[in-house]
Amino acid sequence: MAAGGSNERAAGPQFHRDRHEHGGAPQHLDDDRLAELAEEERVAAGLDDFDPDEVPPATDTPPEPTDIRETEVYEEERAELRRQIDDGEFREPSERDPFPPTRYED
């Protein structure tokens, strides 16, 4: 049981201590390396689904922000709405006539 755990730890990256230093805590810990090992342990324990550092970058570029009023579709719809207003097909509902027309010209 202990042999399996020691093999896993021996295979993965670890902090290597200099044997010339005393046996206490090291003077300078590598914070980045410690964070990397902690993240790997979280993934192995099932606390995190994946290590964010191991995810490849997205391949799609985000869409460029555009003003919808400058698109051809917007201009076409606006022209259609103006035509419907001029022909009387589209009007504001009123108290006297709250419903849209029942027939439209083709």
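The values are calculated or read from the model by the stated rules, or taken from the named source; none is laboratory data. Remember, it's a predicted structure, so these values are computed and weren't measured experimentally. Cβ sites come from the backbone with ideal geometry, for glycine too, and all protein chains shown count toward neighbours.
In segment 50-95, which residue that is β-branched (Val, Ile, Thr) and part of a loop (DSSP other than H, G, I, E, B) is farthest from Glu36 (Cα to Cα)?
Thr71
State all residues of segment 39-50 that are modelled with pLDDT of 85 or more and surrounded by 10 or more Cβ atoms within 10 Å (Cβ to Cβ); if no residue qualifies, say none.
Those that are modelled with pLDDT of 85 or more and surrounded by 10 or more Cβ atoms within 10 Å (Cβ to Cβ): Glu39, Glu40, Glu41, Arg42, Val43, Ala44.
Could you check how many residues of segment 51-106 are surrounded by 10 or more Cβ atoms within 10 Å (Cβ to Cβ) and either of a type outside the set (A, V, I, L, M) or in contact (Cβ under 8 Å) with a residue 40 or more places away in the chain (or both)?
Number satisfying all stated conditions: 19.
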